[in-house]
């Protein structure tokens, strides 16, 4: 489970009511909401929260490295609070559902030396695609 609120408190990040509710919405396993979904969930808890506040808060969380943006197949960006645990993503090609997955092995070592073209590899992102059980039925 994401520990986003705890991490933000440890950083001393000012948790206004609006920031807190955005962080609460993002807290959890397999959370990959769009900004509009974050706003919808946040406004259910704090009706006066503005869409701009949600967007600004998400931008700040990305900038400080506590949330990552996930973009898949030209769909809306999604926000993932699971930044402390190395993982990849499994994406449904039909509905866009995203799940965190933890494949065995190191994706950095999977690229052969002759395919690195002199690059010093620092990161690898693997996205698995398929059809989720809901879309398959």
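Quick check: from the Cα gyration tensor, does region 1-74 come out rounded (a/c under 1.5), prolate or oblate?
rounded
Compute the acute angle (0 to 90°) between the alpha-carbon long axis of helix 51-63 and the principal axis of greatest extent of the alpha-carbon atoms of the chain; round to the nearest 10°.
Around 40 degrees separate the two axes.
Convert 4 °C to kelvin, take the viscosity as 1.567 mPa s, use the Kirkwood radius over C-alpha pairs of region 88-136 as Rh, and evaluate the Stokes-Einstein diffusion coefficient in µm²/s, rounded to a whole number.
The calculation lands on 102 µm²/s.
How high is the relative contact order of the chain, in percent, with contacts defined as C-alpha pairs under 8 Å that are six or more residues apart?
Relative contact order for the chain comes out at 20 percent.
If the viscosity is 0.692 mPa s and the temperature 37 °C, what translational diffusion coefficient in µm²/s does Stokes-Einstein give for the chain when Rh comes from Kirkwood over Cα pairs?
Taking Rh from Cα pairs, D becomes 199 µm²/s.
Using 0.36 nm per residue, how much length does the chain from residue 106 to residue 15 gain when fully extended, once their Cα-Cα distance is taken away?
29.1 nm
Take every DSSP beta bridge whose two residues both sit in region 88-136, then give the antiparallel share in percent to the nearest 5.
Once the DSSP bridges in region 88-136 are tallied, antiparallel ones form about 50 percent.
Sorted by packing (mean other beta-carbon atoms within 10 Å per residue), highest first, where do 112-121, 63-72 land?
So the peptides 112-121, 63-72, ranked by packing, come out 63-72, 112-121.
I'd like the FRET efficiency for residue 52 and residue 77, computed as 1/(1 + (r/R0)^6) with the beta carbon distance as r and R0 of 25 Å, rounded to 0.05.
0.95
Please identify which residues in region 116-137 have an amide N closer than 13 Å to a label point set 7 Å out from the Cα of residue 94, following the Cα→Cβ vector.
130-137
Between residue 121 and residue 37, with labels modelled 7 Å along Cα→Cβ, what's the label distance in nm to one decimal, could you check?
Each label point lies 7 Å from its Cα, and together they span 3.0 nm.
Need one number: nm distance between label points at residue 5 and residue 63, each 7 Å from Cα along Cα→Cβ, rounded to one decimal.
Here the modelled spin labels are 2.5 nm apart.
The numbers here are math on the coordinates, done by the rules we state, and not lab data. As the structure is a computational prediction, the values presented were derived from the model and not from experiment. In this analysis, Cβ positions are derived from the backbone assuming ideal geometry, glycine residues included, and neighbour counts consider all displayed protein chains.
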